Amino acid sequence: MATANGQDTTSKANLIVATLAPVADFKADRQLGKAPFVVRFTDISTNTPTKWSWDFGNGTSSSDQNPQHMYINEGSYDVRFTVSNQYGRDSVFKTGSSAPAVSTTVPTATPEAPVATVTQAVTIVPTTSATKAPLSPIVMVIALGITFLAVSGRCRK
């Protein structure tokens, strides 16, 4: 500010801070294999998300940033990944199909923060060859428990 008596200047550090809502994206280390099939998912989102939400397409989910997930049964699975931070959230949805990748952005907005959803095709498909269905995890746990009890009973004698 300039006056007849001189000039004065004031600086304020970090007065204005521009931030961005995160943009969701992920990769899978494998997309095709024989059941049971383990996939390591890696968050490659931008703009520093602080929360993660995975829907693995088979009724299970995770809030880990980079989860590992086992697909027990054969099939094609759709995966939805949502990230958020204090400035907003974003989701990406990848379908399990053999179709080539197609990307479509559909922006939506909420009063709290803008949200964009990206739909992209990707194959996350265990092999479809005829195999016997694997045992359910509960049956496997019971069998391991019985084996443990049998072995520990022999050790006590």
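Only the coordinates and a few stated rules stand behind these numbers; no lab work does. Quick caveat: nothing in here was measured; it's all calculated off a predicted structure. Positions of Cβ are generated from backbone atoms using ideal geometry, with glycine treated the same way; all protein chains shown enter the neighbour counts.
Key figures for this structure:
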{"quantity": "Calculated diffusion of the range 39-101, Stokes-Einstein form, Kirkwood radius summed over Cα pairs, 20 °C and 1.002 mPa s, µm²/s", "calculated": "170 µm²/s"}
{"quantity": "Projected label distance in nm at SER61 and ALA28, using a 7 Å step from Cα toward the beta-carbon", "calculated": "1.9 nm"}
{"quantity": "Proximal charge balance of ARG80 [Cβ under 11 Å; K/R count +1, D/E count -1]", "calculated": "-1"}
{"quantity": "Label-point gap, in nm, between LYS51 and GLN68 - each point 7 angstrom along Cα→Cβ", "calculated": "2.7 nm"}
